[in-house]
Amino acid sequence: MFFGPLAEESAPTALVVHPFWVLLSIVNFLILLYALRTFAWGPIMRTLDTRATKIREGLQMAEEAKAERQRMQVEVERLLGEARREATATAERITQAAEAAAGDLREQARGEADRIREKGRVDAQQLHDQALAQLRSELASMVVLAAGRLLGREIDPAKHRELIEQSLAEAGKELRQN
């Protein structure tokens, strides 16, 4: 082992700062700062400005879209309200028309029923009158025949029939009055 002056220089134990290296580091830092500022700082700032502008435009467009959506929502609600009112009015008109048609049908049915009832009454009256006339005719014939047999001689059937029909008509009037 060698303990001479060289041994002390090869293994220094204390921190030594050389002014040359400090000056060289400062110069290198300033050159790097100048180069970055000249070549990188401008494009980076332009990119950041462009990006900030795009973000602002995006936010503005989002606000405009939100406002448009709100306007559309108001318009949709207005249109829905109108559609509801129109549907209600249409339903009311249809209900009124249906009620009117039902009323007309009821009136027609009543009229038809009254007409049928009246026709039935008239038909029944005609059948009654025909049956009564036929009964009178047969009764008159039977009375003439019975009177002829009782009297033992022939009676003028036409004259006798006229008297019997007159009597039956008077009897029918008396029955109706009572």
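Where in the chain are the helices, taken as whole DSSP H runs, whose Cα atoms extend 18 angstrom or more along the long axis and whose Kyte-Doolittle mean reaches at least 1.0? Could the numbers behind the result be given before it?
On the way: long enough: 19-35 (24 Å, 2.10); 42-151 (158 Å, -0.59); 157-177 (30 Å, -1.07).
The answer, listed by residue number, is 19-35.
In a Debye calculation with equal point scatterers on the alpha-carbon sites of the chain and no solvent, what is log10 I(q)/I(0) at q = 0.11, 0.19 Å⁻¹?
So the normalised log intensities are -0.92, -1.25.
Name the residue from 89, 73, 113 whose Cα lies farthest towards the positive end of the charge dipole of the range 44-177, charges +1 on Cβ of Lys and Arg and -1 on Cβ of Asp and Glu.
The listed residue farthest towards the positive side: 73.
Under unit Cβ charges (Lys, Arg +1; Asp, Glu -1), what dipole magnitude, rounded to 20 debye, does the chain have relative to its Cα centre? Could you put the intermediate results ahead of the total?
Values: 25 positive and 27 negative charges, 17 e Å.
Charge dipole, the chain, about its Cα centre: 80 debye, nearest 20.
Any read-out appearing in this document is the output of simple, stated calculations on the displayed coordinates, not a laboratory observation. Being a predicted model, the structure only gives us computed values, none of them experimental. FYI the Cβ positions are ideal-geometry reconstructions off the backbone, even for glycines, and counts take in every protein chain you see.
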